[in-house]
Structure formats: structure tokens, C-alpha cells
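Colleague: The structure follows.
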Amino acid sequence: MPEKRKEVLVQVNGMPVTVPAGAMVSAALLQSNAPCRSSVTGQPRTALCGMGICFECRAVIDGVAHRRTCQIPCREGMVVETMQ
Ligand code: FES
């Protein structure tokens, strides 16, 4: 039986970030100290509710904008870009 992966490597704004397998993308962003996006007034925004309601955690995942990072588990090789 193949061994389950304990960690996955993702890329956040071009930097490699290792997170535990099953961690959400918002956790990878927090680990890399990257805010998800900027508000219309330029304030940094990051995950708030953690359950898909507030949309504060949006980022670009594998080229798709406005993904809620608190709802998407990290996958090996995933590319995440914050929206500044
Ligand atoms: S943290 Fe609220 S929707 Fe993701």
C-alpha cells in the first residue's frame, strides 16, 4: 500500500511553501505571510471566516481568479498568486 503524503509543496507568489497534506490554501498564504488581496482602499485582506462566507480570502489559484482559498485544499504543485 502506498504511503500517504504528509506534506505538499505549493508556490505562493513564486515562493515555495510546504504545508501539511490536507491544509487549505488560506493556510499556505498565512504561512507565507502573504495577504490574499487588497481592499478597494488598499488595505491588506486575508481569511476571516474560514468557512466560505466572507470572500475575504480570494486569490488566484492555478490562473483562476477569485477562488476562496479557505475552501480549497492544497495540491502538490499548485500555483497561488495574491491579488494586490
Ligand atoms: S475566509 Fe471567509 S470565505 Fe474564505
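Colleague: What is the Cα coordinate range of the stretch 17-84 on the first, second and third principal axes, sorted by size from largest, in whole angstrom?
Modeller: For the stretch 17-84, the Cα spread along each principal axis is 34, 21, 21 Å.
Colleague: Would you check the accessible area of CYS74, probe 1.4 Å, heavy atoms only, in square angstrom rounded to 10?
Modeller: Solvent-accessible area, nearest 10 Å²: 10 Å².
Colleague: Enter the accessible area per residue of the chain (Å², integer; probe 1.4 Å; all protein chains in place).
Modeller: 63 Å²
Colleague: Heads up, I need the accessible area for SER39: 1.4 angstrom probe, whole protein in place, Å², nearest 10.
Modeller: Near enough 30 Å² of accessible area.
Colleague: Using a 1.4 Å probe on the protein chains only, how many percent of the accessible area of the chain belongs to carbon and sulfur?
Modeller: Ligands and nucleic acids excluded, carbon and sulfur give 56 percent.
Colleague: On to the next question. Place a +1 charge on the Cβ of each Lys and Arg in the chain and a -1 charge on the Cβ of each Asp and Glu, then give the dipole magnitude about the Cα centre in debye, rounded to the nearest 20.
Modeller: 160 debye
The values are calculated or read from the model by the stated rules, or taken from the named source; none is laboratory data. Predicted model, so just to flag it, every value in this text is computed and none were measured. Reconstructed Cβ throughout: ideal geometry from the backbone, glycine too, with neighbour counts over all protein chains shown. Side chains included, ligands, DNA and RNA excluded: accessible areas come from the protein's heavy atoms. Shrake-Rupley method; radii C 1.70, N 1.55, O 1.52, S 1.80 Å.
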